[in-house]
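The values are calculated or read from the model by the stated rules, or taken from the named source; none is laboratory data. In this text, all values refer to a predicted model and were calculated from it rather than measured experimentally. As a convention, Cβ positions derive from the backbone with ideal geometry for all residues, glycine included, and neighbour counts pool all protein chains shown.
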């Protein structure tokens with residue numbers, strides 16, 4: 001080989017070797033990463049490569065432990081930056097999503113519409129049959145699938161058990177926002193529209209496509225999903241990419257964008273079973289008060305979140321290409337049932353100390 005050609009080849013070789021290697025935890029990358037759908041492989045990225053503050057990590061962990069957390073993860077561009085487990089919890093342990101799982105139901109509903117099986121603008125009774133509530137036929141006919149997605153059905157929200165006798169009239173659909181368990185009827189809507197049970201449809205159309213592992217528990221009061229922390233993070237990563245996983249647009253982007261947009265004007269901090277930050281006002285579960293200001297002041301204004309009782313959380317922050325997961329017992333044992341709590345603002349104070 002001529003000297004010049006040899007030198008050129010050597011330079012090319014050195015350059016190639018110096019490029020970011022997939023999976024190297026010290027290597028920053030601006031490209032979006034999706035973990036394989038099987039196996040335990042998941043690329044990581046170091047805190048130092050992001051310019052974050054390592055000395056603020058321990059105070060964050062201490063806070064999480066003090067607040068009864070089981071697990072905590074931060075992804076950036078799909079790569080794991082922090083992954084912590086507490087109190088005997090492991091990467092393989094399943095935990096309850098509680099109302100954070102509402103977002104899975106909303107996504108499955110969108111997939112059924114995408115498949116041409118239903119239209120969310122149609123009456124819910126088109127899929128549930130007439131007389132599915134104890135309301136008059138006139139009032140029941142006002143309720144669309146979209147009203148169930150946006151918590152604006154007008155059905156009494158004081159009774160948790162979703163049975164016909166409890167589904168009584170309070171207000172015309174679309175005129176009142178109230179957080180309630182009636183969203184569970186969406187699983188029946190999807191089942192009727194698809195001609196199969198909800199979990200079978202969900203597994204085929206969503207769970208299996210992104211490599212989630214988990215199971216539904218269809219109880220008499222609550223419909224709850226259980227999974228590992230990493231499976232929760234997989235869904236968060238799908239949400240960050242507005243329904244796209246790797247090169248496949250699993251959920252129609254237009255529907256997903258609609259899901260994370262204010263679904264009605266009464267509580268603009270609520271989309272289709274997603275909580276939205278950065279709006280001018282918000283409402284809380286079991287409360288008809290309208291509060292002025294943003295839902296979680298310390299969190300990024302562009303954040304949308306899946307939020308469940310006992311502080312189960314998926315925070316999605318598109319501006320930072322970041323997903324944050326928290327699972328565990330209630331941070332405040334005296335108030336375990338609220339989907340939104342003061343815990344969020346306190347947690348984001350600790351996260352901000354790390355990332356800003």
Exercise. List the number of the failed condition for residue 263; all other conditions in (1) surrounded by fewer than 23 Cβ atoms within 10 Å (Cβ to Cβ); (2) in contact with a helix residue (DSSP H, G or I) (Cβ under 8 Å, 6 or more places away or on another chain) hold.
Key: (1)
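Out of 315, 225, which single residue is over 24 Å from residue 81 (Cβ atoms), in contact with a strand residue (DSSP E or B) (Cβ under 8 Å, 6 or more places away or on another chain) and at pLDDT 95 or above?
225
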Quiz item: Quick one: how many residues across the range 249-274 are in contact with a strand residue (DSSP E or B) (Cβ under 7 Å, 6 or more places away or on another chain) and over 29 Å from residue 116 (Cβ atoms)?
Solution: 3
Self-check item: Qualifying residue in the range 270-288 (condition: part of a strand (DSSP E or B) and crowded, with 24+ Cβ neighbours inside 10 Å)
Solution: yes
Quiz item: Looking at (1) farther than 25 Å from residue 342 by Cβ; (2) out of contact with any helix residue (DSSP H, G or I) (no Cβ under 6 Å at 6 or more places or on another chain); (3) modelled with pLDDT under 95, can you tell me which one residue 87 breaks?
Solution: (1)
Quiz item: Any chance the range 49-56 includes a residue that's touching a residue at least 60 places away in the same chain (Cβ under 8 Å), over 21 Å from residue 330 (Cβ atoms), part of a loop (DSSP other than H, G, I, E, B) and touching a strand residue (DSSP E or B) at 6+ places or on another chain (Cβ under 6 Å)?
Solution: no
Practice problem: Look at residue 244 and say whether it is crowded, with 19+ Cβ neighbours inside 10 Å, more than 26 Å from residue 341 (Cα to Cα) and without any contact (Cβ under 8 Å) to a residue 40 or more places away in the chain. | Solution: no
Quiz item: Any idea which residue in the range 192-202 is nearest to residue 131 (Cα to Cα), counting only those that are buried (at least 18 other Cβ atoms within 10 Å of the Cβ) and out of contact with any strand residue (DSSP E or B) (no Cβ under 8 Å at 6 or more places or on another chain)?
Solution: 193
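Helices (runs of 4 or more DSSP H) wholly in the range 101-158 with at least 1 residues that are surrounded by 24 or more Cβ atoms within 10 Å (Cβ to Cβ), out of contact with any strand residue (DSSP E or B) (no Cβ under 9 Å at 6 or more places or on another chain) and at pLDDT 95 or above - which ones?
Result: 102-114, 145-149.
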Quiz prompt | Residues within the range 53-84 that are farther than 28 Å from residue 213 by Cβ and buried (at least 21 other Cβ atoms within 10 Å of the Cβ), tallied | solution = 0
Quiz item: So which pairs qualify, if the first residue must be in the range 80-93 and within 14 Å of residue 325 (Cα to Cα), the second must be loosely packed, with under 13 Cβ neighbours inside 10 Å, the Cβ gap must be under 8 Å, and the two must be at least 6 apart or on different chains?
Solution: 91/40
Quiz prompt | Complete set of residues in the range 170-183 that are surrounded by fewer than 19 Cβ atoms within 10 Å (Cβ to Cβ) and at negative phi | solution = 170, 171, 172, 175, 176, 181
Exercise. Scan the range 167-206 residue by residue and report those that are in contact with a helix residue (DSSP H, G or I) (Cβ under 9 Å, 6 or more places away or on another chain), over 16 Å from residue 102 (Cβ atoms) and in a helix (DSSP H, G or I).
Key: 191, 192, 193, 194, 200, 201, 205
Exercise. Name the residue, out of 340, 354, 324, that is within 19 Å of residue 102 (Cα to Cα), at pLDDT 95 or above and buried (at least 17 other Cβ atoms within 10 Å of the Cβ).
Key: 324
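Considering only residues of the range 38-48 that are out of contact with any strand residue (DSSP E or B) (no Cβ under 9 Å at 6 or more places or on another chain) and closer than 28 Å to residue 249 by Cα, which is modelled with the lowest pLDDT?
Filtering the range 38-48 for residues that are out of contact with any strand residue (DSSP E or B) (no Cβ under 9 Å at 6 or more places or on another chain) and closer than 28 Å to residue 249 by Cα, the one modelled with the lowest pLDDT comes out as 39.
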